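Sharing a structure below in structure tokens format, with a few things to ask.
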Amino acid sequence: MTRVSSPTTAGVLACTAGMTIVGASIAFGPLLAGYPVLAGQSWRYLLAGLVLLAVMRVRRVPFPRFRAGQVGRLVLLAGTGLAAFNWLLIEGTQRSDPAFFAAVLGATPLLLALAGPLLDGGRIRARTVAGSTIVVAGILVVQGATTAPLGALPYALGFLLCEAAFTLLAVPLLKEHTPLQVSAAVCLVAVPLLAVLAALSPGADLVVPTATEAATLGFLAVCTTAIAFLLWYGGVVRLGADRAGLFAGIMPIAGLVVGVAAGTSAWTPVGLLGSLLCGAGIALGLRRTPEPERRRARPPVLVAE
């Protein structure tokens with residue numbers, strides 16, 4: 001049996017699996033439409049954090065000690081990449097086809113490719129501009145196929161920005177801590193934030209979830225949160241944020257396929273074409289430009305002493 005020893009191969013497999021899980025879970029957003037959003041996400045991240053803590057205990061991984069600046073980054077990461085992300089997902093999928101949100105989320109790699117160089121003082125490549133044009137075209141195709149109303153666009157845009165923040169804000173933390181440590185910490189930080197917001201929301205009350213809602217929350221906690229976080233952050237460490245972001249293009253396809261199977265999305269050739277177009281544009285936008293061939297080294301000049 002051949003072992004996967006290449007960091008690049010391991011990163012590719014991790015990102016592929018993680019994004020497939022996330023894309024598939026988008027189709028189940030409407031199943032929580034009747035449950036309080038903030039309270040539901042609070043329970044979700046609490047369960048995910050406990051699962052990750054149990055894994056840390058089994059693997060004898062110590063809980064990380066974060067500096068003051070890192071704690072602030074964790075709070076911002078939890079507030080955007082977790083709390084706001086999921087609120088926008090559940091609220092948005094009540095106004096549009098989940099496949100549309102999956103396709104919009106497929107533009108994440110382009111956003112990472114643009115934000116990454118700007119933050120590092122680099123330059124934007126022509127391939128990224130060309131890829132962005134194709135991605136935008138794919139999103140418009142999917143929007144037409146799913147008849148997404150204009151009211152869903154602000155949710156989709158915020159959804160996309162929060163997804164990018166989930167990676168960009170975590171990169172500095174992953175330089176000093178493991179994916180398991182960062183995943184566990186950000187989940188636990190998100191719990192009190194969501195709990196306070198849930199308590200302050202109008203008509204807040206403790207609602208017992210139905211069997212379907214409880215199963216959905218459990219799936220989101222274990223698979224879409226604990227497992228997917230580990231896979232994604234592990235891929236980011238091995239590939240880098242820009243290369244790992246490419247695999248977000250898998251989400252539109254996964255979201256469409258699972259949405260059709262679950263009965264929450266309608267399959268159309270145009271919708272499939274738009275999702276594939278998003279993936280193709282992202283692949284082009286993040287493709288590395290071939291390095292110019294090195295000039296042949298000139299023979300050394302011998303200088304007589």
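For Val236, Val61, Val257, what ranking results if the residue with the fewest other Cβ atoms within 10 Å of its Cβ goes first? Walk me through the numbers before you get to the answer.
Working: Val236 25, Val61 16, Val257 20.
Ascending Cβ contact count within 10 Å gives the list Val61, Val257, Val236.
Computed FRET efficiency, Cβ-Cβ of Ile124 and Thr268, R0 35 Å: what is it to the nearest 0.05? Kindly include the intermediate steps, with their values, before the conclusion.
Numbers: r = 34 Å, r/R0 = 0.97.
Working from the Cβ atoms, E equals 0.55.
Kindly put Leu200, Leu32 in sequence by how many other C-beta atoms sit within 10 Å of each C-beta, fewest to most. Display every interim value, and only then the final one.
Values: Leu200 9, Leu32 23.
Result, fewest neighbours first: Leu200, Leu32.
Let me ask something else. Once you keep just the Cα pairs under 8 angstrom separated by 6 or more residues, what percentage relative contact order results for segment 21-285?
Working: 410 pairs, mean separation 113.5, N = 265.
With pairs under 8 Å counted, the relative contact order is 43 percent.
Would you mind ranking Arg243, Arg57, Arg287 by Cβ crowding within 10 Å, fewest neighbours first? Before the final figure, lay out each step's value.
Working: Arg243 20, Arg57 11, Arg287 14.
Neighbour counts put them in this order, fewest first: Arg57, Arg287, Arg243.
Between Thr210 and Val58, how many nm apart are label points set 7 Å from Cα along the C-beta direction?
The two pseudo-label positions are separated by 3.3 nm.
With the cut-off at 1.5 for a/c, could you classify segment 21-285 from its C-alpha gyration tensor as rounded, prolate or oblate? Before the final figure, lay out the partial values.
On the way: a/c = 1.79, a/b = 1.12, b/c = 1.59.
Since a/c reaches 1.5 but b/c is at least a/b, the shape of segment 21-285 is classed as oblate.
Only the coordinates and a few stated rules stand behind these numbers; no lab work does. Every value quoted in this text rests on a predicted model; they were computed, and no experiment measured them. Every residue, glycine as well, gets a Cβ built from its backbone with ideal geometry; the counts of neighbours run over all protein chains shown.
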